[in-house]
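These notes are about the structure you will find just below.
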Ligand SMILES: [Zn+2]
């Protein structure tokens, strides 16, 4: 296996040298949203799950190892963040709020209201078990502390001055909450399927290649990385969101493995040009592997070291970044299966098709039977 990737690459570096035809990309107004579960991955925090509701018993020493110092101070030492921190307190984006410490679902956006207090405020919790309460007599006040029902971490306080129908105000620390906007697709790594998110420049091209491989169940074009939740294509194109154009590849582990996924990846794009593929320039086109777990990270590190060591790209070093996958956002339907649906477009004929033809030659044994 290890040997074969070198053979492929030495034999046949086939990079994208042409721009992605950005001008041809037009938007349609249709937006489809998908129900979501288990959408955030925090490889550094093994207790984190958006689907497991079983109560956790984890010591503070252990939490200290896996949480950021700021989150630890709020979650485990009942610290309070400054009011008006971040943008969550007045955000009206539709979606779901999870415990940032353990991933438990806490609120839906339709249970939120904009309170002038400067902290994210809700009038109702997702379900009876999601939040538990304790009397808090600190600072000479009698308050009700609100804690996560799964990990028992401090979230904020409950007050009786909220709006109808409950009259309650859940006053939460923004740092204690993870927000996932509607429309995010879960990264499924269960049973025989595994999912990995890769960026190698224009997602139309990368998607078209992986769609053809045996063992690949599904390829979805979208965005990952960056600072903006659920960015639009236009926002990503500005290069200011930090997000990259990526594909989410779901494959059957009994028919395909990570090495093969990477083998194709490092063959069909140029991993040595920083923040660019051909004429497509910007961080949104960076060469990037978004790993969902340690296994993916280690496999990526090892193949990069191997390719660099063998000087597969001559004196150029691989600049592919390895970034933990926080969330994957699906691009609009118009961008899905773009090549398949737009074969007559000049860009597809001139840029994607030649690449596909070369790819088909190199990987002819691995293609899906047509
Ligand atoms: Zn929790």
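Annotations
- Rounded Å value of the spacing that divides the Cα centres of the stretch 201-242 and the stretch 330-370: 15
- Mean separation of Cα contacts under 8 Å, 6 or more apart, over the residue count of the chain: relative contact order %: 20
- For the residues 43, 120, 354, a GNM of the chain with alpha-carbon springs under 10 Å puts the largest fluctuation on 354.
- Centroid-to-centroid separation of the stretch 292-312 and the stretch 132-156 [C-alpha atoms, Å]: 45
- Residues 49, 68 in ascending order of nearby Cβ atoms (within 10 Å, fewest first): 68, 49.
- Helix content alone sets the calculated 222 nm mean residue ellipticity of the chain: runs of n ≥ 4 DSSP H residues at -39500 (n - 2.57) each, divided across all residues, give -6000 deg cm²/dmol.
- Ranking of 272, 227 by count of other Cβ atoms within 10 Å, fewest first: 227, 272
- With a Förster radius of 45 Å applied to the beta-carbon distance between residue 82 and residue 333, the computed FRET efficiency rounds to 0.65.
- Choice from 287, 176, 315 with maximal GNM fluctuation in the chain (Cα, 10 Å cutoff): 315
- Calculated FRET efficiency for the pair residue 134/residue 93, C-beta based, R₀ 45 Å, to 0.05: 0.90
- Legend: ranking of residues 270, 126 from fewest to most surrounding C-beta atoms inside 10 Å; resulting order 126, 270.
Readers should treat all values here as calculations from the given coordinates under stated rules, not as data from a laboratory. Computed from a prediction, not measured in an experiment: that's the story for all the values here. Methodologically, a virtual Cβ is constructed for each residue, glycine included, from the backbone with ideal geometry; neighbour enumeration extends over all protein chains shown.
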